[in-house]
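One structure is given below, encoded as structure tokens.
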Amino acid sequence: MTADEMKASIGQESVSDWVEVTQDMINKFADATGDHQFIHVNPEMAKMTPFGTTIAHGFLTLSLLPQLAAKTPDAPKLDGVKMGVNYGGNKVRFLAPVPSGSRVRGRSKIIQFDEKRPGQYQYTTETTIEIEGSDKPAMIAEWITQVFN
């Protein structure tokens, strides 16, 4: 879509496909970050916690934003983008744990879209990550992306 169409799409909601958060994914994230707290990687000890099972790292949940965005077929997309970069976040809140083996999806809407300079755009997306079968979302984030064409 054009820049004007992107601006007009502000507030329109789009929903991603479901993504399973596996124990293997959690273990690999623990290895990548060095965060091997037992609630993430030790199923036997995690059974004794209020969670009853291992849970994904909050930052793993946050790191799913690009994958969920890619799995959102009806998300607004600017024409001619050659490159996109993460610019940062305005807020992130982890509201509920994501149990190993559960599925999550993103419910997103663009809340701001601006041209920073010719061919460079910045947009802010508010995304709620939902856990299948749960009334409480895992996370809500406002994330800023810059794209170049």
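Tabulated data for the structure shown
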quantity	calculated
Residue within the range 119-127 that is modelled with pLDDT under 95, over 30 Å from Q23 (Cβ atoms) and among the polar types (S, T, N, Q) present	no
Subset tally (residues that are touching a strand residue (DSSP E or B) at 6+ places or on another chain (Cβ under 6 Å) and of a type in the set (F, W, Y)) for the range 8-46	1
Number of the exception - S134 against (1) of a type in the set (G, A, S); (2) within 18 Å of the chain's Cα centre (by Cα); (3) closer than 17 Å to T2 by Cα	(3)
Any hit, the range 11-32, residues being free of Cβ contacts under 8 Å to residues at least 60 places away in the same chain and not in a helix (DSSP H, G or I)	no
Strands (runs of 3 or more DSSP E) enclosed by the range 42-149 - at least 1 residues per element that are touching a residue at least 40 places away in the same chain (Cβ under 8 Å) and surrounded by fewer than 20 Cβ atoms within 10 Å (Cβ to Cβ)	83-94, 103-117, 139-148
Residue match in the range 24-39 (condition: under 19 Å from E126 (Cβ atoms) and not β-branched (V, I, T))	no
Test: T22 is among the hydroxyl-bearing types (S, T, Y) and loosely packed, with under 13 Cβ neighbours inside 10 Å	no
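A quick yes/no check of all residues on (1) under 18 Å from I144 (Cα atoms); (2) within 14 Å of the chain's Cα centre (by Cα); (3) of a type in the set (A, V, I, L, M):
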{"site": "F51", "(1), (2), (3)": "no, no, no"}
{"site": "F59", "(1), (2), (3)": "yes, yes, no"}
{"site": "S63", "(1), (2), (3)": "yes, yes, no"}
{"site": "L68", "(1), (2), (3)": "yes, yes, yes"}
{"site": "K77", "(1), (2), (3)": "yes, no, no"}
{"site": "G84", "(1), (2), (3)": "yes, no, no"}
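The values are calculated or read from the model by the stated rules, or taken from the named source; none is laboratory data. Keep in mind it's a predicted model, so treat the numbers as computed, not measured. Note that each Cβ is placed from the backbone with ideal geometry, even for glycine, and that neighbours are counted across all protein chains shown.
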